[in-house]
Amino acid sequence: MTATPTTIPSTGGPSLPQERRLVTEIPGPRSRELAARKDAAVTHAVGTMLPAYVVAAGGGVLVDVDGNSLIDLGSGIAVTTVGNSNPRVAAAVAAQAAAFTHTCFMITPYDGYVEVAEALNRLTPGDFDKRTALFNSGAEAVENAVKIARVATGKQAVVAFDHGYHGRTNLTMALTAKNMPYKHGFGPFAPEVYRAPMSYPFRDAGVDGPAAARRAIDVIEKQVGAANLAAVVIEPIQGEGGFVVPAPGFLAALVEWCRANDVVFIADEVQTGFARTGDLFACDHEGVVPDLIVTAKGIAGGLPLAAVTGRAELMDAPHVGGLGGTYGGNPIACAAALAVIETIEADGLVGRAREIGDLVVDRLTALQAADPRIGEVRGRGAMIAVELVKPGTTEPAAALAAQVAAAAHAQGVVVLTCGTWGNVLRLLPPLSISDALLGEGLDVLADALAAAK
């Protein structure tokens, strides 16, 4: 669809017209000017997937500097789950910024940090006594979870899984499976990190969850040894790895083995947390209770905040001063997080994620029935992926995924790719998106797939 040029809105939020509007090609001339400035000022090591420079966002749309309105099916990689510039979040941030922006919780503390910790202790899986520590990013929180596990157990080794993604710091690069673009050339990495096979039902014909867990445990016992293992770190649904949903029973069997062997089970819910999967946390779907749970992304509506929450005896194991950081639990980010939690609970967003999932899966499954290049449609809630393959095989079709994504971008729909082989399209719409706008975005995606060769 096209329209005549319009005035770029001065404010974002849900008041923006909820429509796809193409005023120029994407990226447009002003975005291209900014891209040229970016190339001259920003290291080329920081890439951009779709260089349409945004000036406003809200509901289910992003508006760029050229006046184009794009349908957002990415949520800034699962961050703006409650919607960009959500009214509660914006008001809470403004009020806190007017009061004070920083003191450092380790120097002169404030109640927002405590309130976020109390909320996470209440909301995360498990009815045992819990403690929480706040950080800035998912990678930082994962790294601190490993620190906690090592101190608490007196052991050093850590196991992560094939296709897993946990961050870009040195330790989390070691935990991350994919070489390009995350690890290539950046080693040596932190030692005592090992890898076990993941349950990947699409590529594990005939291997159910318990059998896949036995396979992983066998590798762990033979190559690492339970006596040396501090923690197992796993995404309940893998994000960058391709939205891989393990077979039922896989996670539960791992937890049972960890409990029997004094191994800390760390659930990395950075991408899956806070209503994204149609449960408050992805672990809830199978009744899995982690010892430590790591959260970030959707926790604070776009502000940098992350957390480690878990059993009090584990969280209290490090010495006083052993955990922390200058910006961890920044008061503005904490205010945003409390507003996000209020919005999820007050607006029934867990249920809304399920509704979005049903709509998306129904539509994509119908496409799959007519297109052998769609190997699998998978995910939960508003975290759905399409794995593209060469027809009649499980051979990844990475070029096809890139072509479809580029075509969708050109038509004003933001979709992301992922997967170890780069052959997965992932959809992470904000839970504030309307059914109509979501349906239009899926129409564009379907057209892009049909036109791709």
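The values are calculated or read from the model by the stated rules, or taken from the named source; none is laboratory data. Being a predicted model, the structure only gives us computed values, none of them experimental. Here Cβ is always computed from backbone atoms with ideal geometry, including for glycine, and neighbour counts include all displayed protein chains.
Give the residue that is surrounded by the most Cβ atoms within 10 Å (Cβ to Cβ), with candidates limited to residues of region 86-114 that are touching a residue at least 60 places away in the same chain (Cβ under 8 Å), more than 26 Å from the chain's Cα centre (by Cα) and assigned to a loop (DSSP other than H, G, I, E, B).
Selected residue: F105.
Going by the structure shown, is I217 in contact (Cβ under 8 Å) with a residue 12 or more places away in the chain and in a loop (DSSP other than H, G, I, E, B)?
In short, no.
Check N121, N170, N179 and return the single one that is touching a residue at least 40 places away in the same chain (Cβ under 8 Å) and not small (G, A, S).
N121
Which one is surrounded by the fewest Cβ atoms within 10 Å (Cβ to Cβ) among residues in region 17-55 that are polar (S, T, N, Q) and without any contact (Cβ under 8 Å) to a residue 60 or more places away in the chain?
Checking each candidate, the answer is T43.
Quick check on region 69-86. Is at least one of its residues of a type in the set (D, E, K, R) and closer than 16 Å to A336 by Cβ?
Checked against the condition, which is being of a type in the set (D, E, K, R) and closer than 16 Å to A336 by Cβ, region 69-86 yields no hits at all.
Going through region 403-421 one residue at a time, which ones are under 19 Å from the mean Cα position of the chain (by Cα) and surrounded by fewer than 19 Cβ atoms within 10 Å (Cβ to Cβ)?
W421
Please go through region 390-435 and give me each residue that is touching a residue at least 40 places away in the same chain (Cβ under 8 Å) and among the acidic types (D, E), ordered by number.
D435
Mind counting the residues in region 261-280 that are within 23 Å of K147 (Cα to Cα) and surrounded by fewer than 24 Cβ atoms within 10 Å (Cβ to Cβ)?
Within region 261-280, residues that are within 23 Å of K147 (Cα to Cα) and surrounded by fewer than 24 Cβ atoms within 10 Å (Cβ to Cβ) number 2.
Going by the structure shown, is G239 at pLDDT 95 or above, assigned by TED's automatic domain parsing to the domain that holds T277 and closer than 17 Å to C418 by Cα?
Yes; evaluated as a whole, the condition is true for this residue.
Would you check which residues across region 145-163 are assigned to a strand (DSSP E or B) and closer than 13 Å to L292 by Cα and list them?
Correct list: empty.
Given the structure, is G83 closer than 27 Å to V270 by Cα, part of a loop (DSSP other than H, G, I, E, B) and in contact (Cβ under 8 Å) with a residue 60 or more places away in the chain?
Yes: the conditions hold for G83.
Quick check on this structure: which one of L431, L442 is surrounded by 20 or more Cβ atoms within 10 Å (Cβ to Cβ), assigned by TED's automatic domain parsing to the domain that holds V360 and part of a helix (DSSP H, G or I)?
L442 is the lone residue from the list that is surrounded by 20 or more Cβ atoms within 10 Å (Cβ to Cβ), assigned by TED's automatic domain parsing to the domain that holds V360 and part of a helix (DSSP H, G or I).
Kindly provide the set of residues from region 251-260 that are surrounded by fewer than 24 Cβ atoms within 10 Å (Cβ to Cβ) and under 24 Å from T172 (Cβ atoms), ordered by number.
V255, W257, C258
Is it fair to say N121 is in a helix (DSSP H, G or I) and closer than 25 Å to A346 by Cα?
Here the answer is yes, as N121 does meet what is asked.
Does G59 satisfy being of a type outside the set (D, E, K, R) and within 22 Å of A296 (Cβ to Cβ)?
So G59 does not fit the description; no.
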